[in-house]
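The values are calculated or read from the model by the stated rules, or taken from the named source; none is laboratory data. Fair warning: this is a prediction, and the values are worked out from it, not measured in the lab. Neighbour counts run over all protein chains shown; Cβ positions are idealised from the backbone, glycine included. Accessible surface areas use protein heavy atoms only, side chains included; no ligands, DNA or RNA. Shrake-Rupley method; radii C 1.70, N 1.55, O 1.52, S 1.80 Å.
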Amino acid sequence: MKFICLTLMFVSGITDSRSAEQYEVVGPADPVLAVAGEDVILPCSVKPNISVVDMRVEWSRPDLRGSLVHLYEDHEDRNTDQIQSYRGRTKLNHQELQRGNASLKLSSVRVSDEGRYKCFIESKSWYDDATVNVKVEAVGGPPVITVDGFDHSGGLHLQCESEGWYPEPDLEWLDSEGVSLSSGTTETHRNTDGFSLKNTITVHHSGKIHCRVKLRHHMLETLIDTSKRDQLLQSLKMVKKQALTHLRIYRVNVILDADSAHPRLIVSDDGKQVRDGNRLKEEDGKDRFDHYLGVLGQGGFSSGSFYFEVQVNDQTMWDLGVARESVDRKGVFRLRPDDGYWIVSLFNGKYRARDSPDVSLSLRVKPQRVGVFVDYEKRLVSFYDVESMSHIYSFTGQSFNEKLYPFVCLGYEFNENSTPLIICD
């Protein structure tokens, strides 16, 4: 028995006497690929293998403010200062810590989880760290094909939309033989959930048309049979009529607030029209816009859904949408969501959504009347060409934390076109 005890002490002495410089924290050489919605393991271990049960194990995101992802110290997890978005989604296997394995399990992966992670391990005598690069892929929803009308030559306009992809995928149209069809530029929009895409094509032949969205090893596809064109046209008219009827359920009576209008603007007595008066009125102490020729609607909305329409025909420069209550009205600022504005615009003959960054809009026809729909709880602002009842643009996944007000604008500092913008009844 004495011989056995001495042997154990001798072996233990060898382990404890190993130079601290011989230990190394190692991670994967290649990026770790994660799929949004699934779980992923971020590898990290000590080589040669020793127990890290008595050590400090810290996972962090160096590129984020308040970078703590997970902390193990004094034999327990201590995540009081953990980044809010990681709460309840990180886990260390405490049994594996005995083998020197400090890999982190990250549950329900999000697009925002992509980035560099640092695995830091520290004992009383040494410390080291390793970097793990995480790449996230998100497979979006199946593409949706809608019939968007016919042109004068009989060409059928088809629109394909899909959302929730990351990184940005490729969208292509194919005929029944699998041959790629030429189409216009794909409109893309980036938000916290990933990329949304929209592409329109005009086809002049009958048959099956496919819309395919591809991302590396993932692919989703939808098809439409254009053989029965008359039925498609009739269905299109019915769908558009129903969509317009549905939106108008949420219609509100917008009255423009003349006290908020830029001094150049003339607001009609009924608050339904606004135009550039081509002269600067004296300031009267009102909290007016002083650079943008803007005006807000009276009353705001902090819940539910609402909808209104603005007649823009013959006006060559406009911005319209909604703005939150506390937006800047003085000085130079951006008409973007970060500054509390959700806007589509016409400027220099080009339509765009004032997102971050701006998104160019390819519209086949010039809108005469624009509908604005807001769903506060769904964090959605959508714009429609009322006459063709076609979708123009949507801001999705937005952050609303105060009242939203209708907003119309005739450009920046001056507008030589005297055509008014009209709130439609």
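Numbers below:
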{"quantity": "Choice from 98, 159, 298 showing the highest fluctuation, given a GNM over the chain with Cα pairs closer than 10 Å", "calculated": "98"}
{"quantity": "Sulfur and carbon atoms: percent of accessible area, the stretch 65-182 [1.4 Å]", "calculated": "42 percent"}
{"quantity": "Cα convex hull volume per residue for the chain (Å³)", "calculated": "200 Å³"}
{"quantity": "Per residue, in Å², the accessible surface of the stretch 62-169 once ligands and nucleic acids are set aside, probe 1.4 Å", "calculated": "51 Å²"}
{"quantity": "Paramagnetic reach from residue 330 (point 7 Å along Cα→Cβ, amide N under 19 Å) across the stretch 253-271", "calculated": "259-265"}
{"quantity": "Too-long pairs where the Cα-Cα distance tops 27 Å, listed order kept, from 286/378; 135/198; 47/135; 330/403; 198/366; 105/378", "calculated": "286/378; 105/378"}
{"quantity": "Ratio Rg/Rh, restricted to the stretch 368-421 and using Cα atoms, in which Rh is the Kirkwood radius", "calculated": "1.04"}
{"quantity": "86, 351, reordered so the largest accessible area comes first (probe 1.4 Å)", "calculated": "351, 86"}
{"quantity": "Rounded tilt (10° steps) of 2-16 against the dominant C-alpha axis of the chain", "calculated": "40 degrees"}
{"quantity": "Length added when fully stretched, residue 268-residue 414, from 0.36 nm per residue minus Cα-Cα", "calculated": "50.7 nm"}
{"quantity": "Net dipole in debye of the chain [+1 Lys, Arg Cβ; -1 Asp, Glu Cβ; about Cα centre; nearest 20]", "calculated": "500 debye"}
{"quantity": "Placed amide H near residue 104: partners under 5 Å, 5+ positions off or other chain", "calculated": "42, 44"}
{"quantity": "Å² per residue, accessible surface of the stretch 308-393 at 1.4 Å", "calculated": "42 Å²"}
{"quantity": "With all protein chains modelled, accessible area of residue 67 [1.4 Å, Å²]", "calculated": "40 Å²"}
{"quantity": "0 to 90° range, to nearest 10: angle between helix 229-248 axis and the chain longest Cα axis", "calculated": "90 degrees"}
{"quantity": "In the stretch 159-219, the chymotrypsin sites (Phe, Trp or Tyr not before Pro) that fall in loop regions by DSSP, at most 11 other Cβ within 10 Å", "calculated": "none"}
